[in-house]
Each structure stands twice: as structure tokens, then as C-alpha cells.
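Single-structure report; data block below.
The values are calculated or read from the model by the stated rules, or taken from the named source; none is laboratory data. What you see is a predicted model; the values in this text were computed from it and never measured. Counting neighbours? That spans all protein chains shown, and the Cβs are built from the backbone with ideal geometry, glycine included. With ligands, DNA and RNA removed, areas are computed over all heavy atoms of the protein, side chains included. Shrake-Rupley method; radii C 1.70, N 1.55, O 1.52, S 1.80 Å.
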Amino acid sequence: MSSERAEVSGPDQVTDVSGGRADPMVPGPLPPLAAWLGGALLGVVLVAGVGLLSLRIRAAENGAQIDLDNQLVTVGSPTLPVLPLLAVPLLGALVLAVVLLVPRGGRTGVRAGLPLGFAAASAALVVWAYASRPDAQTVAAARTTGSADGVTAFGVPAGWPGWLQEGGQHPTVHLLVVLALGALPLLLVRGRGRP
């Protein structure tokens, strides 16, 4: 059997006879910009996810239940939030595995882009989280009245900005940024010899 693109010369052997042209129907390698954006998206997902889980942990330990807008719903006795406590390291491990294992066989721009995009977005959110913390008077007023100047009783903004602020201050995020940057030389050396 022979075709314009491939020729079968044995039971499992296919030889490319298309002159090296790429098949337009087969996706090519991930471009470096997409790797940077993918890494940045993973950074935002990690920070927001860790922040959401961290707020749930803090609320449960204080006997409170909060909604997705970070507003107090009910108050009861303190509990041990086992599932959120387990979910934080699992989320971190999953994101780190994607950041470090996905670009293994790719081009240099992809191998560097995913961890660098992740680290840049995560680090930017860490800086923002510390720089945008509400002052002590606003937090005290929010704890007394339930909400003040967009800050909830837990001292964070309502909704996803609160998740990002809480997650940006969580040590899991800081550790994963350092691990991603620390693994970068290994990712680049492992793929040496590829463009």
C-alpha cells in the first residue's frame, strides 16, 4: 500500500515520503506563548483554589460556615475540615505535576514557558495579595458589622478577589513557585539537544 504521505514497508513500519511537510490536520507542538498563558492560567487556578479552600478551613475551625461570596452563613461549633485540609496539598501536587511533567518532551520555549508563566502569575498574585490587604480598622469594622468597604467578616474581599487574596498569602503557593523555578534548570537540561 502506498500513498502520497506514507508508505508501509512492513507490518508495523510506516515511512514518511511527504518530503517532511507537516500534516495540517495533526496538531503541532504547543507554541511558547500558549505555554506561558497555560502556566499563568494554572497559577491563577492554584491561587484561587487554595484561597477558597483556605477560607473554608478557617471558617470551619472557627465554627462558621461561609458561602462562595465569603459571607458568613451560620455559626456553630468548631469542626475539623478534613476534606479541605486534604484538598489543598492534592491541588498543589496536581498543579505542580502539570507544570513540571507536561513540558518534558516539548521544545525549549514550551519547557521554560509553562513553569515561567505559572511562577510569574502566581508571584504577581502573591505580591498583589499582600499589597491589597485591608487595614486593621476596616477588618475590625467588618468583623463587628459583618461587612465594611467590601471586606467580609473574615477580613478578605467578597467573592473571587477574596479567594485570590487568601490564596496569595498561603505558604503552599509560595512553595510551589519556588519549586517550579527550582525545577526549571532541570527541565531545560533534560531536553537539551531539542530546539
Does segment 62-76 include one or more residues that are more than 13 Å from Val156 (Cα to Cα) and open to solvent by less than 40 Å² (accessible area, probe 1.4 Å)?
yes
Can Thr138 be described as open to solvent by 50 Å² or more (accessible area, probe 1.4 Å), modelled with pLDDT under 70 and either in a helix (DSSP H, G or I) or out of contact with any Leu (no Cβ under 9 Å at 6 or more places or on another chain) (or both)?
no
Report yes if Pro78 is at pLDDT below 90 and out of contact with any Pro (no Cβ under 9 Å at 6 or more places or on another chain), otherwise no.
yes
Does segment 160-174 contain at least one residue that is at pLDDT below 90, among the polar types (S, T, N, Q) and open to solvent by 40 Å² or more (accessible area, probe 1.4 Å)?
no
What residue, of Ala22, Ala35, is of a type in the set (Gly, Ala, Ser), open to solvent by less than 40 Å² (accessible area, probe 1.4 Å) and at pLDDT below 90?
Ala35
Looking at this structure, is Pro89 closer than 20 Å to Val126 by Cα and surrounded by fewer than 18 Cβ atoms within 10 Å (Cβ to Cβ)?
yes
